[in-house]
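Below is one structure; the comments refer to it alone.
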Amino acid sequence: MSQLLNENVKQQVRDAFTQLEQPVALLLFTRNHGNCEYCNDTRELVEGVAGLSDKLSLSTFDLDADAAKAAEFGVDAAPTLIIAGKEGDQTVDYGIRLKGIPAGYEFTTLVRDVLLVSSRDSGLSETTRAWLRGLKEPVHLQVFVTPTCPYCPRAVMLAHQMALESPMVKADMVEAMEFPELADRYGVSGVPHTTINDGAGTLVGAAPEEDLIAEIQRALA
């Protein structure tokens, strides 16, 4: 994975991270034993990114050895990266998750997620913000991606913006090839594929805010 974070890429990310405002906590869950093909690469990648700004902190956990911590954050698969806010000694979990290695096009998602959480501003339209403020039921968005999909980061970012905006929304990027059983369960045949509340709703493609809101509303109805 070191070839992904060559000096040129590192410098681009450092430049992007000059925009960081508030501290960001990265919580990475991997598995030291058992079948986790991409855990070591993911750890190396995230460690490399965390070292590019003093506004970033990284905590690493083993899914099995740190089962209590995994349960606290609702993590059930490895590798899973949580991008959270840091307020003093407190970690503020906005429900933003990356399940699987954020490689290829999804590396930009990792960088943009850090910037998003650091800004503490979703950037969503006022119409969308107002609807999310009135949300009374939990919404779980799972956006299935592959590293070679150029449209996937846009779909993931929209889901993560909604999670940042509303405590009722949790949003996962899911690398479809790393979690094939999950992809099969929801009938993922193309990406990006957004599953809402365990299949109650589905949106295929990188859709605008209003389309995702409409599908969430349909899933909740």
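Of all DSSP beta bridges located in the chain, what percent are antiparallel, nearest 5?
Around 55 percent of the beta bridges assigned by DSSP in the chain are antiparallel ones.
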Inset, instruction - Could I get the Rg over Rh figure for the range 11-71? Both from C-alpha atoms, Rh via Kirkwood, rounded to two places. - result: 1.05
Inset, instruction - Note the per residue figure in Å³ for the convex hull of the C-alpha positions in the range 94-221. - result: 87 Å³
Inset, instruction - Starting from the eigenvalues of the Cα gyration tensor, five times each then square-rooted, give me the equivalent ellipsoid semi-axes of the range 7-119, largest first, whole Å. - result: 22, 17, 11
Legend entry - Under the Karplus curve 6.51 cos²θ - 1.76 cosθ + 1.60, θ = phi - 60°, whole-Hz ³J(HN,Hα) for the range 24-38, x wherever Gly or Pro sits: 10, 9, 9, 10, 10, 10, 10, 10, 7, 10, x, 8, 9, 4, 9
Legend entry - Phi-based couplings in Hz for the range 79-96 (Karplus 6.51, -1.76, 1.60; Gly and Pro marked x): x, 10, 10, 9, 10, 10, x, 10, 10, x, 8, 8, 9, 9, 8, 8, x, 9
Inset, instruction - Rounding to the nearest 20 debye, state how big the charge dipole of the chain is about its Cα centre with +1 on each Lys and Arg Cβ and -1 on each Asp and Glu Cβ. - result: 320 debye
Legend entry - In Hz, Karplus ³J(HN,Hα) per residue of the range 140-147 (6.51, -1.76, 1.60; θ = phi - 60°; x = Gly, Pro): 10, 9, 10, 9, 7, 9, 10, x
Legend entry - Other-chain or far-sequence residues with amide H under 5 Å of Val169's (modelled H): Val139
Inset, instruction - Return Lys10, Lys136 ranked ascending by Cβ neighbour count within 10 Å, so the fewest neighbours appear first. - result: Lys136, Lys10
Legend entry - Dipole-positive endmost among Val111, Ala70, Ile101 within the range 7-119 (Cβ charges, Cα centre): Val111
Legend entry - Amide H contacts under 5 Å for Gly205, placed H, 5+ residues apart: His193, Thr194
Inset, instruction - Please order Ser53, Ser119 by the number of other Cβ within 10 Å, starting at the fewest. - result: Ser119, Ser53
Legend entry - For the chain, Kirkwood radius (reciprocal of mean inverse C-alpha pair distance, Å): 17.5 Å
Legend entry - Burial ordering of Thr60, Thr194, fewest other beta-carbon atoms within 10 Å first: Thr60, Thr194
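Return the calculated 222 nm mean residue ellipticity for the chain, to the nearest 500 deg cm²/dmol, obtained by summing -39500 (n - 2.57) across DSSP H runs with n ≥ 4 and dividing by the residue count. Let's see the in-between values first.
On the way: 8 runs with 83 residues, N = 221.
Helices in the chain give a 222 nm mean residue ellipticity of -11000 deg cm²/dmol.
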Inset, instruction - Normalising by the residue count of the chain, find the relative contact order in percent from Cα pairs under 8 Å and 6+ residues apart. - result: 18 percent
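Using mean Cβ contacts within 10 Å as the protection proxy, how do 198-206, 91-99, 180-188, 145-153 order, highest first? Please list the in-between numbers first.
Numbers: 198-206: 16.1, 91-99: 22.2, 180-188: 14.4, 145-153: 19.1.
Those peptides, ordered most packed to least, come out 91-99, 145-153, 198-206, 180-188.
Please express the shape of the range 167-221 as an equivalent ellipsoid: the semi-axes are the square roots of 5 times the eigenvalues of the C-alpha gyration tensor, given largest first in whole angstrom.
Numbers: eigenvalues 75, 29, 23 Å².
Gyration-tensor ellipsoid for the range 167-221: 19, 12, 11 Å.
Coordinate-derived values only; no laboratory data. No experiment lies behind these values; they were computed from the predicted model shown. We place every Cβ from the backbone using ideal geometry, glycine too, and count neighbours over all the protein chains shown.
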